[in-house]
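The values are calculated or read from the model by the stated rules, or taken from the named source; none is laboratory data. Keep in mind it's a predicted model, so treat the numbers as computed, not measured. When we count neighbours, we look across all protein chains shown, and the Cβ atoms used for this are built from the backbone with ideal geometry, even at glycine. Quick note on the areas: whole protein, heavy atoms, side chains included, nothing else; ligands and nucleic acids left out. Shrake-Rupley method; radii C 1.70, N 1.55, O 1.52, S 1.80 Å.
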Protein chains: 2
Amino acid sequence: MNYETPQFFHVMQYAAAADGDVIDMVSGNPDWEPPEAIREGLGEYAEADAEEFQYPPSDGLGPLREEIAQRRNVDPDRVIVTNGTGEANYLGMARALEGGAGDEVVLIDPVYPYYPGKVSMLDGETRLVGAARDGSLDVAATCEAIGPDTALVVLNTPNNPTGAVYDIDAVRAVVETAADHDALVVVDEVYDHFDFSGTFESALSLDADNVIVTSGVSKSMAITGFRVGYAIFPPQLVEAAKTRHMLVNVTGSRPAQQAVYTAYRETGPDYYREARDRLAERADAFTAALDEAGAEYTSPDGAFYVLARFDGFPGTMGNVKTLIDEAGVAGMPGATFGTTRKEWLRFALVTPRVTEAAERLADYFDGR
Amino acid sequence: MNYETPQFFHVMQYAAAADGDVIDMVSGNPDWEPPEAIREGLGEYAEADAEEFQYPPSDGLGPLREEIAQRRNVDPDRVIVTNGTGEANYLGMARALEGGAGDEVVLIDPVYPYYPGKVSMLDGETRLVGAARDGSLDVAATCEAIGPDTALVVLNTPNNPTGAVYDIDAVRAVVETAADHDALVVVDEVYDHFDFSGTFESALSLDADNVIVTSGVSKSMAITGFRVGYAIFPPQLVEAAKTRHMLVNVTGSRPAQQAVYTAYRETGPDYYREARDRLAERADAFTAALDEAGAEYTSPDGAFYVLARFDGFPGTMGNVKTLIDEAGVAGMPGATFGTTRKEWLRFALVTPRVTEAAERLADYFDGR
């Protein structure tokens, strides 16, 4: 087994152990409040009959599954409630790699490092295809990489780390080419509530029988620790995925599922809009201050990350530690996200201190 | 993929849909109250800072992991908090099968059906070895089945479905033979709090570097839906298991972990003793009434199941449905638990109505 442990925890531990004040832009942990109904739902559940503390259905509490199905406009039988979007991606990727169609997995570079980790764990072979410079899908290169050995393509939109929101026609082209080679496509839409561009369209709209859409409420409800996600499988693939889910996890955690169900029912669109607007403002403020610092950067259309590049300062783990110690800003090394952004650093917009962070970076690079 | 979906949910659904009153002895869901501190812990957590709603460490909340380590007298670094004992078993079994030592897995028959399901999912080959008639380990037969192709032996004590509590010397003999063949042993001790015999000893006492012990609080705290379990790995195997845990689930659900931590701290031995005594009484009452019915049965030394055999009425799914419809008692088919107990039915002692259930069975078989 040669899969690598993702490096997030390593950087977070280093930043937490640093001497001075460090602005944490490492994690994918929202720093804002969850919907009030999360707290209410959990408090009510704490008083429920003991019977409600026992196994929910393996594929998730019925009302929660139906709520998700209604929101995504799919048959509830296609929905599996998972232990976060992480498990949803694992189930989708495992289904593809046990399907016998091949063992190659096409991933878009820069890449969320859990994806190649999962591919290795599942005995697949990762094939990286570069995104366009602006983070959008390079449709020609992606389709050219799909062949008879391809079992799976994994897409993530809105994208971590580039902030790109994929054009639905680009996604469709990849899905159709994958179908031509009996390959599946997992589309991870966990940042679907953070679309600043107004152009995001779910891959579910393609109604393709080789597409698995994954998502969850970790980001949209600011509860990454609750572990409530879901996968929406095409009808012919869902039973095998439910079996794997049952054999690995039996089922997800019920207190979290119950609280999320309550929050789905009682949270209006204002909550989500405020979170989105807050992130868009932070992206503007952070990139404006990066301009002052003379950095190159991506302006995100969605999600909550900014990639930045400082001349002569590649995105290595060593340089990330230098910035923690000497600038008081913690980001992630671009080298963690595949091969194409080794010169870059990723900053997560999960702090109100984004302007201060960019100013600290500007001061540090001025002084070098 | 040829693994079978476990049949529990099928029987539970059939029983729930039945017309008349059915006494449910199917599930492994405790019917008693969880510790009061579970409710308190969850209620307090509902009011916590939003920061505490974000990812716990991948291997579990630090204080919870330390509490478990202290109770089991192991180094905290060896503990992974999992999404229930089900995931703990999956991690242990996966570690063995990716170790390259072979692909055969020795399981004891009668067998908890999730075990062979997981073996198939992990591309291993199950080799069933019969338990002794009283459910104890057949050490000679088990050791004889272990050979160069053996990657893993899985033991479960106190045992589901036989109620046997394995002699620690028998476990040691199997562990030593496994070590001779570079095979691992997963010992699932999830029923460790339900030992009526006073003879249970954890496999951790063997201090063997090829033993992985799994357990959890689903049964001991009567919260199967919370999904808090753990695996204790030998030091040289724990890192790879933590990586798999991270790649599959990222981490377990934090509200459940926090509530369990509170309950560990605030629940005295009385709670566990009362639950154990209640089950011992139910076992006595149920088997006494089965005597009246002229059935053969196992008297459990631990866990909370009774295997019973009625002449001329094998433990098929069809006969289980007949008993649901005509006797108003729901059990599990012995045929679900491997090959050796096809004539038997399993009844879970998770209802106060055990005497009534046995009387219903007696009436039904009297009238045939």
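Points to keep in mind about this one:
- In plain terms, the chain from A:Asp21 to A:Thr199 could stretch by 60.3 nm, reckoned as 0.36 nm per residue minus the Cα-Cα distance.
- Other-chain or far-sequence residues with amide H under 5 Å of A:Thr126's (modelled H): A:Val105
- The protein assembly as shown - accessible surface per residue (Å², probe 1.4 Å): 35 Å²
- Placing a label point 7 Å from Cα along the Cα-to-Cβ axis, A:Glu239 is separated from the same position in the other copies by 4.3 nm, shortest listed first.
- Lysine-lysine proximity count for the protein assembly as shown, Cα under 20 Å, sequence distance 8 or more or distinct chains: 7
- Of all the options B:Asp21, B:Asp270, B:Asp123, the one that moves most in a Gaussian network model of chain B with Cα springs shorter than 10 angstrom is B:Asp270.
- Contact order normalised by residue count of the stretch B:287-358, Cα under 8 Å, 6+ apart, percent: 32 percent
- Estimated buried accessible area (total), pair A and B, 1.4 Å, Å² to nearest 100: 4900 Å²
- Gain in span if fully extended, A:Glu40 to A:Glu125, counting 0.36 nm per residue against the direct Cα distance: 26.1 nm
- Per-copy distances of the B:Ala16 label point, shortest first, in nm (7 angstrom along Cα→Cβ): 3.9
- Drop in accessible area of at least 50 Å² in the complex versus isolated chain, residues of the stretch B:45-67, 1.4 Å probe: B:Ala46, B:Ala50, B:Phe53, B:Gln54, B:Tyr55
- Estimated inter-spin distance, A:Asp182 and A:Gln236, nm [label 7 Å along Cα→Cβ]: 1.1 nm
- Nonpolar atom fraction for the stretch B:88-153, defined as the carbon and sulfur part of the 1.4 Å probe accessible area, stands at 42 percent.
- Sequence-distant residues sharing a close amide H with A:Val213 (under 5 Å, placed H): A:Val187, A:Ile232
- Amide H contacts under 5 Å for B:Val329, placed H, 5+ residues apart: B:Ile23, B:Ile324
- For chain B, modelled as a GNM whose springs connect Cα atoms under 10 angstrom apart, the maximal fluctuation among B:Tyr114, B:Tyr14, B:Tyr230 occurs at B:Tyr14.
- Label-to-label distance, nm, for residues given as A:Gln13 and B:Glu292 (7 Å Cα→Cβ offset): 6.1 nm
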